[in-house]
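Here's the structure we're looking at; comments come further down.
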Amino acid sequence: MTDKGIEKREESLRVFSQTATIYDRIGPQIFSYFGQRLADLADLDAGDKVLDIAAGRGALLFPVAAKVGPTGHVTAIDFSPEMVRETAKDIESRKLSHAEIRYMDAEQMNLPDASFDWVMCGFALWMFAEPARVLQEFYRVLRHGGRVALSTWAADNPSQIWCNEVLRPFVYAPATKDFPAKFDTRFHTPLQLETALREAGFVDTQISVEEKDFVYADEEQYWSSLWSAGFRRQLEKITPDLLEQARSAVFQKFQKFKKPDGFHKLNRALFAFGTKPA
């Protein structure tokens with residue numbers, strides 16, 4: 001792994017460990033919604049054995065467990081001990097005997113070959129230091145004829161575009177002339193996803209677009225929600241003297257999304273499916 005890859009991995013581990021107790025728990029449960037939709041669209045059968053990669057707080061784990069039923073099994077993994085601990089408590093409280101979560105790195109999975117009917121991964125592929133290697137691991141642990149299901153954010157996701165544009169001057173200040181061309185959005189187009197899956201050996205690839213309008217109660221809830229997920233890594237780059245200015249800029253421009261029932265933000269995601277040849 002390169003130095004840049006190690007740095008990226010350590011940053012992700014720190015951020016998701018910090019957010020483990022509140023991840024997808026502030027404001028509308030965006031990841032839970034898209035996790036349910038991905039599980040609904042996957043052709044899961046009762047009795048299937050499923051691997052959930054970078055499971056977080058179980059946005060995919062729980063709807064998938066409901067689909068495969070007690071004759072099936074869901075093995076979830078995450079590289080944040082804090083996420084594993086919190087989700088393990090959720091599994092126990094729901095009394096799910098056919099689901100478990102383990103502390104494990106997706107780039108070096110200690111799992112046997114051809115041992116799962118499905119490998120699923122929600123909103124994480126671009127975060128890995130070596131995504132191509134992770135996809136090869138997905139392929140390895142799938143049985144022949146098994147399927148992969150992924151979700152990523154779309155390049156034209158209105159919610160992310162808006163937030164990036166508002167906060168960009170603060171994230172990269174004062175060296176504004178050194179703005180990157182864009183935030184890291186690998187695998188954010190159907191072509192990128194299809195190419196990545198095919199290069200890993202998958203066939204019969206399918207890409208679809210899913211979107212939903214999510215409602216926030218107020219500006220404070222939206223701001224807090226940003227700190228509770230992956231966007232936190234951008235906020236932490238803002239210097240303390242500029243953070244309040246950034247918050248004020250978000251609040252001011254957030255007003256255009258206000259409706260009688262709250263503040264509406266549209267999120268657009270890509271779902272990708274592929275099959276390991278029989």
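Tabulated data
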item: Qualifying residue in the range 78-90 (condition: modelled with pLDDT of 95 or more, surrounded by fewer than 23 Cβ atoms within 10 Å (Cβ to Cβ), among the aliphatic types (A, V, I, L, M) and closer than 21 Å to ARG9 by Cα); result: yes
item: Residue that is part of a loop (DSSP other than H, G, I, E, B) and touching a residue at least 60 places away in the same chain (Cβ under 8 Å), where the choices are ALA246, ALA278; result: ALA278
item: Counted residues, the range 184-228 - those being touching a residue at least 12 places away in the same chain (Cβ under 8 Å), closer than 29 Å to ARG168 by Cα and of a type in the set (A, V, I, L, M); result: 6
item: Hits in the range 37-92 (condition: in a strand (DSSP E or B) and closer than 20 Å to LEU135 by Cα); result: LYS49, VAL50, LEU51, ASP52, ILE53, VAL74, THR75, ALA76, ILE77, ASP78
item: Yes/no for ASP184 being modelled with pLDDT of 95 or more, exposed (fewer than 15 other Cβ atoms within 10 Å of the Cβ) and not hydrophobic (A, V, I, L, M, F, W, C); result: no
item: Residues that are in a loop (DSSP other than H, G, I, E, B) and polar (S, T, N, Q), drawn from the range 142-167; result: ASN157
item: Conditions (1) part of a helix (DSSP H, G or I); (2) at pLDDT below 95; (3) open to solvent by 30 Å² or more (accessible area, probe 1.4 Å): number failed by GLU194; result: (2)
item: Residue in the range 22-40 that is open to solvent by 60 Å² or more (accessible area, probe 1.4 Å) and farther than 25 Å from ALA272 by Cα present; result: yes
item: Condition met for VAL134 (of a type in the set (A, V, I, L, M, F, W, C), in contact with an Asp or Glu (Cβ under 6 Å, 6 or more places away or on another chain) and either on the phi > 0 side of the Ramachandran plot or open to solvent by less than 50 Å² (accessible area, probe 1.4 Å) (or both)); result: yes
item: Qualifying residue in the range 103-124 (condition: in a strand (DSSP E or B), touching a Phe, Trp or Tyr at 6+ places or on another chain (Cβ under 6 Å), open to solvent by less than 30 Å² (accessible area, probe 1.4 Å) and at pLDDT 95 or above); result: yes
item: Scan of the range 102-157 for residues that are of a type in the set (Lys, Arg) and closer than 21 Å to ALA269 by Cα, ordered by number; result: ARG147
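The values are calculated or read from the model by the stated rules, or taken from the named source; none is laboratory data. Keep in mind that this is a model prediction, so the values were computed, not measured. Please note: Cβ atoms are built from the backbone with ideal geometry, for glycine as well, and neighbour counts cover all protein chains shown. When the accessible area is computed, the model is the full protein with side chains, heavy atoms only, and any ligands, DNA or RNA have been set aside. Shrake-Rupley method; radii C 1.70, N 1.55, O 1.52, S 1.80 Å.
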